[in-house]
1. Which numbered condition in (1) at pLDDT 95 or above; (2) in contact with a strand residue (DSSP E or B) (Cβ under 9 Å, 6 or more places away or on another chain); (3) among the hydrophobic types (A, V, I, L, M, F, W, C) is the only one that residue 71 fails?
2. Could you please give the count of residues in segment 95-117 that are at pLDDT 90 or above and either more than 18 Å from residue 51 (Cβ to Cβ) or assigned to a helix (DSSP H, G or I) (or both)?
3. Residues that are over 14 Å from the mean Cα position of the chain (by Cα): list the strands (runs of 3 or more DSSP E) wholly contained in segment 1-89 that include at least 1 such residues.
4. Would you mind stating whether residue 92 is of a type outside the set (D, E, K, R), at pLDDT below 95, under 30 Å from residue 129 (Cα atoms) and touching a strand residue (DSSP E or B) at 6+ places or on another chain (Cβ under 9 Å)?
5. Among (1) in contact (Cβ under 8 Å) with a residue 40 or more places away in the chain; (2) of a type in the set (Gly, Ala, Ser); (3) open to solvent by 50 Å² or more (accessible area, probe 1.4 Å), where does residue 23 come up short?
6. For segment 1-35, how many residues meet the condition of being on the phi > 0 side of the Ramachandran plot and of a type in the set (Ser, Thr, Tyr)?
7. So which residues in segment 39-96 are in contact (Cβ under 8 Å) with a residue 24 or more places away in the chain and hydroxyl-bearing (Ser, Thr, Tyr), if there are any at all?
8. Need the failing condition index for residue 111 against (1) open to solvent by 50 Å² or more (accessible area, probe 1.4 Å); (2) more than 11 Å from the chain's Cα centre (by Cα); (3) of a type outside the set (D, E, K, R), just the number.
Amino acid sequence: MSRYLVTGGAGYVGGVVGAHLLAAGHEVTVLDDLSTGFREGVPAGAEFIEGSIRDAGKWLDPSYAGVLHFAAFSQVGESVVNPEKYWRNNVGGTTELLAAMRDAGVRTLVFSSTAAVYGEPETTPITEDA
């Protein structure tokens, strides 16, 4: 079986995905800063690293088959009030994660957000009051 890094794996979607990977016999490392997730959300059997996606290069190595990235911030209201926080994590952090993947030779990435679980919008572009 394979080894996977699950960023945001202490959140709902990341925790469920991590649990499914473990149930399928894979090794799972969860990387989460616990800013919105909970330690209890890390699936039993997963290795847990409390840290930022910006630091993924400290742990990511060629033994990983891929990264499942669920560590983006997705609160629209907060992003309007504090756009720098979202820019640093979602753009800067993901850029650092991609660089760490490139440096480690890890070529498989799944990127998702819990925002997608709320269904299809009635209109696009999606407004803040949708």
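1. Every condition holds for residue 71 apart from (1).
2. Filtering segment 95-117 down to residues at pLDDT 90 or above leaves 95-111.
Going one step further and asking which of them are either more than 18 Å from residue 51 (Cβ to Cβ) or assigned to a helix (DSSP H, G or I) (or both), we end up with 95-105, 107-111.
Total meeting the criteria: 16.
3. Once the strands (runs of 3 or more DSSP E) in segment 1-89 are filtered for at least 1 residues that are over 14 Å from the mean Cα position of the chain (by Cα), what remains is 3-7, 27-32, 47-50.
4. no
5. (1)
6. Total meeting the criteria: 0.
7. Of everything in segment 39-96, those that are in contact (Cβ under 8 Å) with a residue 24 or more places away in the chain and hydroxyl-bearing (Ser, Thr, Tyr) turn out to be 52, 63, 64, 74, 94.
8. Just one mismatch for residue 111, condition (2).
The values are calculated or read from the model by the stated rules, or taken from the named source; none is laboratory data. Given the structure is predicted, the values throughout are model-derived calculations rather than measurements. Virtual Cβ from ideal backbone geometry, glycine too; neighbours counted across all protein chains shown. The accessibility values were calculated without ligands, DNA or RNA, using every heavy atom of the protein model including side chains. Shrake-Rupley method; radii C 1.70, N 1.55, O 1.52, S 1.80 Å.
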